[in-house]
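The values are calculated or read from the model by the stated rules, or taken from the named source; none is laboratory data. Because the structure is a prediction, the values reported are computed rather than measured. Note that we place each Cβ from the backbone using ideal geometry, even for glycine, and neighbour counts take in every protein chain shown. Only protein heavy atoms, including side chains, enter the accessible area calculation; ligands, DNA and RNA are left aside. Shrake-Rupley method; radii C 1.70, N 1.55, O 1.52, S 1.80 Å.
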Amino acid sequence: MCGRYTLTTPAELIADVFGVDPPAGLSPRYNIAPTQPAAVVRSRPKQARQLDLLRWGLIPSWARDTAIGNRMINARAETIAEKPSFRSAFRSRRCLVVTDGFYEWKRLAGSRAKQPCWIHRTDGAAFAFAGLWESWRPRVDEEGDGGDGHSAAVESFTIITTTPNDLMKPIHDRMPVILPAESWDTWLDADNTDTNGLQALLGPSRETGFEAREVGTHVNSPRNDDPGCLAPPPGA
């Protein structure tokens, strides 16, 4: 799975890497957690790519409330074409989740303890997870419409996961799908309905130049969102 990740790359570099306008007010994030707003890149028909902040944890359009999003932070690549929660978004609402590293917890042999690891590019560059996004509105008859005839939409996303590559196998049995830059246009094209071709992009990462580095347990709490999350374990 993917339950926490980072985005500390300066806004100007994100703009260059993803071909978007420099995002305003984007602060370094050392411990992005579910339900929090995070940066994704989308491309609508006849429009340039744009970066938006969406809620992490996909809320299907048919959901009764937002709580379901807490369980929809990840979508398995093997089943997104059939799962009711994800199949519509897979067909037409795909996005790039902007990141420069993610955390996973490795179980220590002979212990119930887990060692957090930060997986990132050795050159420090930003990269992209494959994601899906959705727009949800509360039911007016249950939530009310604020008196103006409209209810506010909540836009949310999920990160697609797949089986691990050789780097991740000793750490966890799942990993986020890391899309190489040459696949971004294909993935973002809302007119692309070749679901078989799209699903072929969602295997274990073949990208080189990644490493997994042990970090301290400061990252374990989602309340901590500071450079200390990337500090090595005591005594390392």
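How big is the dipole moment of the range 91-231 about its Cα centre under a simple scheme where the beta carbon of each Lys and Arg is +1, that of each Asp and Glu is -1, and everything else is neutral? Debye, nearest 20, please.
Roughly 840 debye for the range 91-231.
Sparsely packed loop sites in the range 1-46 (the trypsin sites (Lys or Arg not before Pro) outside DSSP H, G, I, E and B with at most 12 other Cβ atoms within 10 Å) comprise 46. Taking 18 Å as the straight-line reach from the Cα of residue 83, the aspartates and glutamates in range (excluding those fewer than 8 positions away in the same chain) are 134, 194.
Average accessible surface for the chain: 49 Å² per residue, computed with a 1.4 Å probe over protein heavy atoms with every protein chain in place.
Ranking of 132, 230 by solvent-accessible surface, largest first: 230, 132 (1.4 Å probe, protein heavy atoms only, all chains present). A straight Cα-to-Cα reach below 12 Å connects residue 106 with the aspartates and glutamates 173, 214, residues fewer than 8 places away in its own chain not being considered. Take every pair of alpha-carbon atoms less than 8 Å apart whose residues are at least six positions apart; their mean separation over the length of the chain yields a relative contact order of 23 percent. Assuming a ≥ b ≥ c are the square roots of the Cα gyration tensor eigenvalues, decide whether the range 5-65 counts as rounded (a/c under 1.5), prolate (otherwise, with a/b larger than b/c) or oblate. Taking the square roots of the gyration eigenvalues as a ≥ b ≥ c, the range 5-65 is oblate. Given the alternatives [x] 29, 21, 19; [y] 40, 19, 13; [z] 30, 23, 14, semi-axes √(5λ) of the Cα gyration tensor in Å as computed for this entry is given by [x].
Solvent-accessible area of residue 217, all protein chains in place: 90 Å² (probe radius 1.4 Å, heavy atoms, ligands and nucleic acids excluded).
Classified by the C-alpha gyration tensor, the range 45-102 has a rounded form. Its axis ratio a/c, with a ≥ b ≥ c, is below 1.5. For residue 135, the solvent-accessible surface computed with a 1.4 Å probe is close to 40 Å², ligands and nucleic acids excluded.
Calculated FRET efficiency, residue 71 and residue 12, Cβ-Cβ r, R0 45 Å, to nearest 0.05? FRET efficiency, residue 71 to residue 12: 0.80.
In this structure residue 155 has an accessible area near 60 Å², from a 1.4 Å probe over the protein heavy atoms. I need the shape label for the range 81-120. Rule: rounded when a/c is under 1.5, else prolate if a/b > b/c, else oblate, with a, b, c from the alpha carbon gyration tensor. Verdict is oblate for the range 81-120.
Leaving out ligands, DNA and RNA, what percent of the accessible area of the range 29-147 is carbon and sulfur, probe 1.4 Å?
Ligands and nucleic acids excluded, carbon and sulfur give 48 percent.
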